[in-house]
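One structure below.
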Ligand SMILES: [Fe+2]
């Protein structure tokens, strides 16, 4: 299978309070506001013009999860495959600026993915703000009632590879061309986006972010711990739109795409298994509850 997706792209979130949500991401994650226009605020942690777009809307929701394609021909190929599978094409115009080509597709259960050519690298090489030092938006984790239906889309339409799974396919993780263990993950649940994740320079960034949450009279949802699938140190908090944000350090790289075989992790009641946390503490019972539904448009 030839990869059509090179790396994680962006997330576009509709929110009643773009300014408040942007301040939250700047304070806690350390993102930089790169641009404001109309009712949109753009944020990034690196040279890309945007990794997160916050768009004013009455109701919170996810307008799209963006994946960067290998090139324009890969966008064309994804479009061709989506049409042949009778998936709905929402738009062939990019959702945001500084992106040449894109296709926005409605997946089974309503998730919306934009496959796009690279967002322009218009910013400084690295943003070092006063707080945490995010390196890049790393992955997203969707929820869907049937994980295997989305597995078909990710592998057959997007050319992604299964990196790990749980024995009953309650959870699947998928990688793309850049070799990080996962760029997309999905677990069984009500449809929506459970979390979006950022990669950080070092563990001290995670401590700084947890301290920032204390200053805001908030707390982590779970962590720190170390995932089995992906091997990254993690912690999570809930953003103002009831979507979870993951802070990640050190995700595994799969150096040989051809030889790697997906692992299958055992899962049991209570989730106190090594696949989800090598260090042992299980997630809170409410961990899977938050999430943002996908929406097709903003509402006035
Ligand atoms: Fe994650």
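Being farther than 25 Å from residue 30 by Cα and crowded, with 21+ Cβ neighbours inside 10 Å is the requirement here; does residue 153 meet it?
Values: farther than 25 Å from residue 30 by Cα: yes; crowded, with 21+ Cβ neighbours inside 10 Å: yes.
The answer is yes for residue 153.
Report whether or not residue 164 is in the same structural domain as residue 235 (by TED's automatic domain parsing) and free of Cβ contacts under 8 Å to residues at least 24 places away in the same chain. No.
Tell me whether region 258-275 contains one or more residues that are buried (at least 16 other Cβ atoms within 10 Å of the Cβ) and closer than 22 Å to residue 205 by Cβ. No, that holds for no residue.
For a quick check of your reading: which strands (runs of 3 or more DSSP E) sit entirely within region 1-91 and have at least 1 residues that are over 23 Å from residue 123 (Cα atoms)? If you could, list the steps in order and put the result at the bottom.
On the way: elements: 5-15, 32-37, 40-44, 46-48, 52-56, 61-69, 88-91.
So the answer is 5-15, 52-56, 61-69, 88-91.
Could you please find all residues in region 241-258 being away from the ligand (no atom under 11 Å from the Cβ), touching a residue at least 60 places away in the same chain (Cβ under 8 Å) and outside any loop (DSSP other than H, G, I, E, B)?
First, the residues of region 241-258 that are away from the ligand (no atom under 11 Å from the Cβ): 241-243, 249-250, 252-258.
Remaining after also requiring touching a residue at least 60 places away in the same chain (Cβ under 8 Å): 241-243, 252-255, 257.
Matches in region 241-258: 253 only.
Per the listing 62, 147, the residue uniquely touching a residue at least 24 places away in the same chain (Cβ under 8 Å), outside the structural domain of residue 165 (by TED's automatic domain parsing) and in contact with a strand residue (DSSP E or B) (Cβ under 7 Å, 6 or more places away or on another chain) is 62. The set of residues in region 132-166 being over 23 Å from residue 51 (Cβ atoms), at pLDDT below 95 and more than 16 Å from the ligand (Cβ to nearest atom) is empty. Can you say whether residue 155 is part of a helix (DSSP H, G or I) and out of contact with any strand residue (DSSP E or B) (no Cβ under 6 Å at 6 or more places or on another chain), as far as the supplied structure shows? Here the answer is yes, as residue 155 does meet what is asked.
Residue 111 falls short on exactly one of the conditions (1) at pLDDT 95 or above; (2) assigned by TED's automatic domain parsing to the domain that holds residue 45; (3) within 24 Å of residue 243 (Cα to Cα); (4) more than 16 Å from the ligand (Cβ to nearest atom), and that condition is (4).
Quick grid of which residues meet (1) under 20 Å from residue 13 (Cβ atoms); (2) in contact with a strand residue (DSSP E or B) (Cβ under 6 Å, 6 or more places away or on another chain):
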site: 219; (1), (2): no, no
site: 222; (1), (2): no, yes
site: 227; (1), (2): no, yes
site: 231; (1), (2): no, no
site: 251; (1), (2): no, yes
site: 255; (1), (2): no, no
site: 279; (1), (2): no, yes
site: 295; (1), (2): yes, yes
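Can you report the number of residues in region 92-142 which are part of a helix (DSSP H, G or I) and touching a strand residue (DSSP E or B) at 6+ places or on another chain (Cβ under 7 Å)?
Quick first cut of region 92-142, residues part of a helix (DSSP H, G or I) only: 108-110.
From what is left, the residues that are touching a strand residue (DSSP E or B) at 6+ places or on another chain (Cβ under 7 Å) are 109-110.
Matching residues across region 92-142 total 2.
Filtering region 182-231 to residues that are within 16 Å of the ligand (Cβ to nearest atom), touching a residue at least 24 places away in the same chain (Cβ under 8 Å) and assigned to a loop (DSSP other than H, G, I, E, B) leaves 182, 183, 189, 221, 227, 228, 229, 230, 231. Screening residue 261 with (1) over 13 Å from residue 181 (Cβ atoms); (2) away from the ligand (no atom under 14 Å from the Cβ); (3) in the same structural domain as residue 191 (by TED's automatic domain parsing); (4) touching a strand residue (DSSP E or B) at 6+ places or on another chain (Cβ under 7 Å) gives one miss only, at (4).
Based on this model, can you work out whether residue 238 counts as within 16 Å of the ligand (Cβ to nearest atom), modelled with pLDDT of 95 or more and under 29 Å from residue 112 (Cβ atoms)?
Numbers: within 16 Å of the ligand (Cβ to nearest atom): yes; modelled with pLDDT of 95 or more: yes; under 29 Å from residue 112 (Cβ atoms): yes.
It is true that residue 238 is within 16 Å of the ligand (Cβ to nearest atom), modelled with pLDDT of 95 or more and under 29 Å from residue 112 (Cβ atoms).
The values are calculated or read from the model by the stated rules, or taken from the named source; none is laboratory data. Model, not experiment: these values are computed from the prediction. Neighbour counts are summed over all protein chains in view; Cβ atoms, including those assigned to glycine, are modelled from backbone coordinates with ideal geometry.
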